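The values are calculated or read from the model by the stated rules, or taken from the named source; none is laboratory data. Remember, predicted model here, so these are calculated numbers, not experimental data. Virtual Cβ from ideal backbone geometry, glycine too; neighbours counted across all protein chains shown.
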Amino acid sequence: MNAIEVKNLRRVYRARIGVIKRSIKEVIAVEDISFVIKSGELFGLLGPNGAGKTTTVKMLATLLIPTKGTATILGYDVVKDANEVRKHIGFIFGGERGLYWRLSGIDNLRYFASLYSVEPEVSKKRIPYLLEMVGLKDRGNERVEGYSRGMKQRLHVARTLLHDPEILFLDEPTIGLDPVGARDFRQVIRDLQSEKKTILLTTHYMFEADSLCQRVAVIDKGIIVAMDSPSELKKHVADLSVIEIETFGTSAEVVERLRALSFVDALHVQEQDQRQMLLVQTARGAEAVPDIMASLNGQRIGRVIVREPTLEDAYVRLVGGHA
Ligand SMILES: Nc1ncnc2c1ncn2[C@@H]1O[C@H](COP(=O)(O)OP(=O)(O)O)[C@@H](O)[C@H]1O
Ligand SMILES: [Mg+2]
């Protein structure tokens, strides 16, 4: 059975600009997207900033009305049956506040349980269960203001599970978490899936989608450019090698010169402090290194590595290197 069905969904924002001469500017946040998510599936929506991920999730979570198209959750229409949809979904948006910092974790959950009209007998059992599940069992009596960012994010998950929704929307839930916090959070996501929840996760971390999701849709500028399992997506780049070149102070002009080389399939630049990592995708493998070095003549160069492509590289190829 399909938990979520999305057909030709579109959302246009109308933003007022100008103070004296007022005009309205239209932003097409989601152009036309369609996908289905099976019951119990962990589905990733992957894309660079501004791709339309949050807008999509907000339409599915009944927080924004689509401009066009339809979406159903367990067969309920997100516009016409919004109240019914809300009973079956939970969501967390990255960086969302929505917790009472002066209250303990347990008191936050008690408060939201009564707000969501969860029966007291139910919440009495459910709150300790959820605290245990998100790894906050021993910290539930402490005030939330003393929690790390990762702990707050996990408390958000417990909060959104109070009414036991079958479907969860997690919008970039690990953004801003330290590596350990993010790893713990990913384990919570895996546990949720083993509880048969249907999960739509948005992220711009490729390895996260790779390690968690059964299927991934790559979205760019409001359009789905690829949809498959992570291993199938990786086949898009199976014929390529990636050459990583560490450079210092390389100009845009040099980058363009490299990009123009006939054997360069894609080139992505990662800025890191004083240096740039140039990620060159090429079918020629290590044989391309001398030609690349020749065209980088005069640049300061550090390490050079030739490696197999990852899902991240497939993504770079799909979204054209501007990710
Ligand atoms: N309230 C808004 N008004 C106008 N434009 C918006 C609004 N929210 C988002 N946008 C624009 O819509 C596009 C998609 O945004 P968003 O869905 O937040 O992308 P993502 O979550 O993938 O980063 C972006 O160009 C963004 O600037
Ligand atoms: Mg977003």
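Going by the structure shown, is Gln270 surrounded by fewer than 18 Cβ atoms within 10 Å (Cβ to Cβ), of a type outside the set (A, V, I, L, M, F, W, C) and in the same structural domain as Ile89 (by TED's automatic domain parsing)? Taking the combined requirement at face value, the residue does not satisfy it. Being in contact with a Ser or Thr (Cβ under 6 Å, 6 or more places away or on another chain) and either buried (at least 19 other Cβ atoms within 10 Å of the Cβ) or among the aliphatic types (A, V, I, L, M) (or both) is true of Ile167. All conditions but one from (1) closer than 27 Å to Arg190 by Cα; (2) touching a Gly at 6+ places or on another chain (Cβ under 8 Å); (3) of a type in the set (A, V, I, L, M, F, W, C) apply to Ala314; the one that does not is (2).
With respect to the conditions (1) within 13 Å of ligand 1 (Cβ to nearest atom); (2) at pLDDT 95 or above; (3) closer than 30 Å to Ser117 by Cα; (4) of a type outside the set (Phe, Trp, Tyr), Thr72 lacks only one, and its number is (1).
Table: residues versus (1) in contact with a Ser or Thr (Cβ under 9 Å, 6 or more places away or on another chain); (2) aliphatic (A, V, I, L, M).
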site: Ile106; (1), (2): no, yes
site: Leu130; (1), (2): no, yes
site: Arg149; (1), (2): no, no
site: Gln153; (1), (2): yes, no
site: His156; (1), (2): no, no
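Among (1) buried (at least 19 other Cβ atoms within 10 Å of the Cβ); (2) farther than 23 Å from Thr203 by Cα; (3) within 16 Å of ligand 1 (Cβ to nearest atom), there is one condition Lys53 misses while meeting the rest; what is its number? Failing condition for Lys53: (2). Within region 202-217, the set of residues being outside any helix (DSSP H, G or I), away from ligand 2 (no atom under 16 Å from the Cβ) and surrounded by fewer than 23 Cβ atoms within 10 Å (Cβ to Cβ) comprises Gln214, Arg215.
Restricting region 53-94 to residues that are touching an Asp or Glu at 6+ places or on another chain (Cβ under 8 Å) and within 16 Å of ligand 2 (Cβ to nearest atom), the residue that is farthest from Glu41 (Cα to Cα) is Gly94.
Listed here are the residues, each with its yes/no results for (1) over 20 Å from Arg317 (Cβ atoms); (2) among the aliphatic types (A, V, I, L, M); (3) touching a residue at least 40 places away in the same chain (Cβ under 8 Å); (4) surrounded by fewer than 18 Cβ atoms within 10 Å (Cβ to Cβ).
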position	(1), (2), (3), (4)
Ile223	no, yes, yes, yes
Ala238	no, yes, yes, yes
Phe248	yes, no, yes, yes
Ala260	no, yes, no, yes
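In this structure, does Asn83 turn out to be surrounded by fewer than 19 Cβ atoms within 10 Å (Cβ to Cβ) and either modelled with pLDDT of 95 or more or under 16 Å from Thr198 (Cβ atoms) (or both)? So Asn83 fits the description; yes.
Quick grid of which residues meet (1) modelled with pLDDT under 90; (2) of a type in the set (A, V, I, L, M, F, W, C); (3) more than 30 Å from Lys196 (Cβ to Cβ):
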residue	(1), (2), (3)
Met1	yes, yes, no
Ile4	no, yes, no
Val19	yes, yes, yes
Ile28	no, yes, yes
Val36	no, yes, no
Leu46	no, yes, no
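Of Ala113, Ala158, all but one fail to be away from ligand 1 (no atom under 16 Å from the Cβ), crowded, with 21+ Cβ neighbours inside 10 Å, under 22 Å from Ala61 (Cα atoms) and over 26 Å from the mean Cα position of the chain (by Cα); the exception is Ala113.
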